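The values are calculated or read from the model by the stated rules, or taken from the named source; none is laboratory data. This structure is a prediction, so every number in the text was calculated from the model and none was measured. With ideal geometry, Cβ positions are generated from the backbone for all residues, glycine too; neighbour counts draw on all protein chains shown.
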Amino acid sequence: MKQEIKYIGNYKILDIIGKGGMARVYTAIHIPLNRVVVIKEMGKSESRRRFKQEALISASLNHRNIVTAYDYFNIGSSCYLVMEYIDGMNLSEIIEHEAPLHPVTAAIIAREVCLAIGHACKNGILHRDIKPTNILISRQGEVKISDFGVARGEDSPHLTSTGTVIGTPFYMSPEQAAGKELTYQSDIYSLAIVLYEMVTAKKPFFGETTQAITAKVCRGRYTSPLWKDPHHSLRISRIINKAMKKN
């Protein structure tokens, strides 16, 4: 049976690369420009307000280490965000297959992510979900952060109530785990956890439940990454410990 080719506006769908809840993610070709892109589709739900906010925040950021947003539109009851396609892997996949990474490699990746966080911060935006799956590495070695779905801008409407915990437990800062007001340092803290995982192949905080993980995050006690490779990771360890130091 011949498979039906699906089109969304001027885009020819190539494949579904992710789905969950009310959202789907496709790779597609923008027919007029013959350009491969990624399209996120959001169905009819309350999450559409946050989805529109994600589109506006993504479009406001122009940086080589941030995935570019190309377009946003509605068709029927669905809305779509069109983004740059990165031919490569996310950092989670790289960690799974190659970690522990050499400290120099890990430091280069962390530096590029830090530049992206800095650019977002200068524009009044907190990512709030820095983690390996949201860090993309192209085949050419380009590093880009993606998914501003829970990001917060200075002028963005409050879509979560005070005390609500936003983010991924393994990579949260203590103030994030406690539902407190965040600063750019929270994103830096999350990046330090990612750096820790790159050089040790382990997470500094772990547990069987979300509550167990966030409790350990709030206590802030973890094993120094020096245990894995004392010779090569001394400088990395100092960076991680400084970034994860509780105020």
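Please find, within region 204-214, the residue that is farthest from GLY167 (Cα to Cα) out of those that are surrounded by fewer than 16 Cβ atoms within 10 Å (Cβ to Cβ) and either touching a residue at least 12 places away in the same chain (Cβ under 8 Å) or not assigned by TED's automatic domain parsing to the domain that holds GLN176 (or both). Steps first, answer last, please.
From region 204-214, those surrounded by fewer than 16 Cβ atoms within 10 Å (Cβ to Cβ) are 206-212; that's our starting set.
Checking which are either touching a residue at least 12 places away in the same chain (Cβ under 8 Å) or not assigned by TED's automatic domain parsing to the domain that holds GLN176 (or both) leaves us with 206, 210.
Details: PHE206: 15, THR210: 11 Å.
Out of the qualifying residues, it is PHE206.
Could we say that ILE39 is modelled with pLDDT of 95 or more and within 20 Å of THR168 (Cβ to Cβ) here? Explain how you work it out, then say what you get.
Values: modelled with pLDDT of 95 or more: yes; within 20 Å of THR168 (Cβ to Cβ): no.
No.
If you scan region 62-74, which residues turn out to be out of contact with any strand residue (DSSP E or B) (no Cβ under 7 Å at 6 or more places or on another chain) and of a type outside the set (S, T, N, Q)? Reasoning before the result, please.
Going through region 62-74, the residues out of contact with any strand residue (DSSP E or B) (no Cβ under 7 Å at 6 or more places or on another chain) turn out to be 62-64, 74.
If the condition is that a residue be out of contact with any strand residue (DSSP E or B) (no Cβ under 7 Å at 6 or more places or on another chain) and of a type outside the set (S, T, N, Q), then HIS63, ARG64 are the ones that fit.
Among the residues of region 138-147, is there at least one that is within 24 Å of MET22 (Cβ to Cβ), buried (at least 17 other Cβ atoms within 10 Å of the Cβ), more than 12 Å from the chain's Cα centre (by Cα) and among the hydroxyl-bearing types (Ser, Thr, Tyr)?
Just the residues of region 138-147 that are within 24 Å of MET22 (Cβ to Cβ), to begin with: 145-147.
After this cut, where a residue has to be buried (at least 17 other Cβ atoms within 10 Å of the Cβ) as well, the list is 145-147.
Filter once more, keeping what is more than 12 Å from the chain's Cα centre (by Cα): none.
Checked region 138-147: no residue is within 24 Å of MET22 (Cβ to Cβ), buried (at least 17 other Cβ atoms within 10 Å of the Cβ), more than 12 Å from the chain's Cα centre (by Cα) and among the hydroxyl-bearing types (Ser, Thr, Tyr).
What are the residues in region 49-100 that are among the charged types (D, E, K, R) and either in a helix (DSSP H, G or I) or farther than 14 Å from SER146 by Cβ (or both), if any?
Initial filter on region 49-100 (among the charged types (D, E, K, R)): 49-50, 52, 54, 64, 71, 84, 87, 93, 96, 98.
If the condition is that a residue be among the charged types (D, E, K, R) and either in a helix (DSSP H, G or I) or farther than 14 Å from SER146 by Cβ (or both), then ARG49, ARG50, LYS52, GLU54, ASP71, GLU93, GLU96, GLU98 are the ones that fit.
For SER60, indicate whether it is within 29 Å of LYS202 (Cβ to Cβ), hydroxyl-bearing (Ser, Thr, Tyr) and at pLDDT 95 or above. Reasoning before the result, please.
Numbers: within 29 Å of LYS202 (Cβ to Cβ): no; hydroxyl-bearing (Ser, Thr, Tyr): yes; at pLDDT 95 or above: yes.
Against the criterion (within 29 Å of LYS202 (Cβ to Cβ), hydroxyl-bearing (Ser, Thr, Tyr) and at pLDDT 95 or above), SER60 does not qualify.
Suppose we keep only residues that are among the hydroxyl-bearing types (Ser, Thr, Tyr) and in contact (Cβ under 8 Å) with a residue 60 or more places away in the chain within region 54-80. Which one would you say is surrounded by the fewest Cβ atoms within 10 Å (Cβ to Cβ)?
Step one: list which residues in region 54-80 are among the hydroxyl-bearing types (Ser, Thr, Tyr), which gives 58, 60, 68, 70, 72, 77-78, 80.
Retained after the next criterion (residues that are in contact (Cβ under 8 Å) with a residue 60 or more places away in the chain): 58, 60, 80.
Numbers: SER58: 23, SER60: 15, TYR80: 21.
It comes out as SER60.
Could you tell me whether any residue of region 142-154 is assigned to a helix (DSSP H, G or I), in contact with an Asp or Glu (Cβ under 9 Å, 6 or more places away or on another chain) and in the same structural domain as PRO204 (by TED's automatic domain parsing)? Step through it out loud before you land on a result.
We begin by selecting, within region 142-154, every residue assigned to a helix (DSSP H, G or I); these are none.
Taking every residue of region 142-154 in turn, none turns out to be assigned to a helix (DSSP H, G or I), in contact with an Asp or Glu (Cβ under 9 Å, 6 or more places away or on another chain) and in the same structural domain as PRO204 (by TED's automatic domain parsing).
Collect the residues in region 3-42 that are exposed (fewer than 12 other Cβ atoms within 10 Å of the Cβ) and not in a strand (DSSP E or B), keeping them in residue-number order.
Answer for region 3-42, where residues must be exposed (fewer than 12 other Cβ atoms within 10 Å of the Cβ) and not in a strand (DSSP E or B): GLN3, GLU4, ILE5, GLY21, PRO32, LEU33, ASN34.
Among the residues of region 164-175, what is the count of those that are assigned to a helix (DSSP H, G or I) and over 19 Å from SER146 (Cβ atoms)? Walk me through it before giving the result.
Initial filter on region 164-175 (assigned to a helix (DSSP H, G or I)): 169-171, 174-175.
With the extra rule that they be over 19 Å from SER146 (Cβ atoms), the set shrinks to 169, 174-175.
So the answer is 3.
Scanning for something of a type in the set (A, V, I, L, M) and under 25 Å from ARG235 (Cα atoms), does region 126-133 turn up at least one residue?
Filtering region 126-133 down to residues of a type in the set (A, V, I, L, M) leaves 126, 130.
When the remaining residues are screened for being under 25 Å from ARG235 (Cα atoms), the result is 130.
Looking for residues that are of a type in the set (A, V, I, L, M) and under 25 Å from ARG235 (Cα atoms), one finds at least one in region 126-133, hence yes.
Hey, among ARG152, ARG235, which residue is touching a strand residue (DSSP E or B) at 6+ places or on another chain (Cβ under 6 Å), basic (Lys, Arg) and at pLDDT below 90? Let's see the steps before the verdict.
Values: ARG235 fails: touching a strand residue (DSSP E or B) at 6+ places or on another chain (Cβ under 6 Å).
So the residue among ARG152, ARG235 that is touching a strand residue (DSSP E or B) at 6+ places or on another chain (Cβ under 6 Å), basic (Lys, Arg) and at pLDDT below 90 is ARG152.
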